[in-house]
Amino acid sequence: MKAPVIEVKDLVVRYNGQPILEGVNLTVYEGDFYAIIGPNGGGKTTLLRAILGLIRPDQGEIRIKGGSPLEMRDLLGYVPQYRTFDFRFPITVMEMVLTGRLGKIRGIARRYGRQDYRAAEEALATMGISALAGREVDGLSGGELQRAIIARALAGEPEILLLDEPTVYVDVPTETQFYEILDRLRRRMTILLVTHDIGVIAACVNKVACLNRRLYTHDSNEITEDMLQAAYHCPVDLIAHGVPHRVFREHEDRD
């Protein structure tokens, strides 16, 4: 049996006394592609930031491969939400991707070495944007920019990749390409993705949970109606994967 790489136990996070996360329990195993869905404001980004060690929980415990998030931060790659970046800063794609190596650099000089450039070049190749290395980021399309952001995370050679709404500003063909790339990446790393969009869950995801302050899951790749209603607090329609139509519940017409 594969070992757990992320363990979240009885997690509580409050802001100004109000609970953002309450009693969250989550176990992610090596090789998982785990998707967490839920409404905006449901605590998904807060959960990722707690796993990264950027937020101290009010209660509960988080372990990354048996250690604390701060002890194991070198194992984690993070792709934050698109809007957290200021792309007006004059920097090339290669320069941005290289910043993903900063946590690996030791010593006072803190200069990039041959290994750093090699890792950045490999990350660009993985994302299919090697030709963009010399371009300034403010001239990229939305899809190109999102690939560069993921390449930045990959440059740190993480064992666990955390993604926060990675396809929110891209079109459907680009979104499909992202998931194909992520499907290949899961062969060498564990992936935890959060999104508010139920429709983006791809076939390569092997586990799904719903989060809205509390986490609702049965540790499979199925999204059940009960999970969605518990998370969204309203009636929902289910989408059937591989079937070209929406599946509706039977209901009575109302005047």
*Estimated dipole of the range 101-163 in Debye, rounded to 20 [Cβ of Lys and Arg +1, of Asp and Glu -1, Cα centre]*: 340 debye
*Over the Cα atoms of the range 1-55, Rg to Rh with Kirkwood Rh, two decimal places?*
0.99
*Report, ordered by chain and residue number, the lysines lying within cross-link reach of LYS9, taken as a straight Cα distance under 24 Å and ignoring same-chain residues fewer than 8 apart.*
LYS44, LYS65, LYS207
*What is the set of long-range amide H partners of GLN59 at a cut-off below 5 Å, with H atoms built 1.01 Å from backbone N?*
VAL12
*Nonlocal amide H pairs with VAL79, under 5 Å, H built at 1.01 Å*: LEU162, LEU163, ASP164
_Using a 1.4 angstrom probe on the protein heavy atoms only, could you order SER68, SER141 from most to least accessible area?_
SER141, SER68
*Tell me, what is the 1.4 Å probe accessible area of LYS44, in Å² to the nearest 10?*
10 Å²
_Please compute the length gained on full extension between THR27 and ARG14, using 0.36 nm multiplied by the number of residues separating them and subtracting their Cα-Cα distance._
2.5 nm
*Can you give the convex hull volume per residue for the Cα atoms of the range 128-212, as a whole number of Å³?*
111 Å³
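The values are calculated or read from the model by the stated rules, or taken from the named source; none is laboratory data. The model shown is predicted, which means the values in this text are computed figures rather than measured ones. In this analysis, Cβ positions are derived from the backbone assuming ideal geometry, glycine residues included, and neighbour counts consider all displayed protein chains. Surface areas here come from the heavy atoms of the whole protein model, side chains and all, with no ligands, DNA or RNA. Shrake-Rupley method; radii C 1.70, N 1.55, O 1.52, S 1.80 Å.
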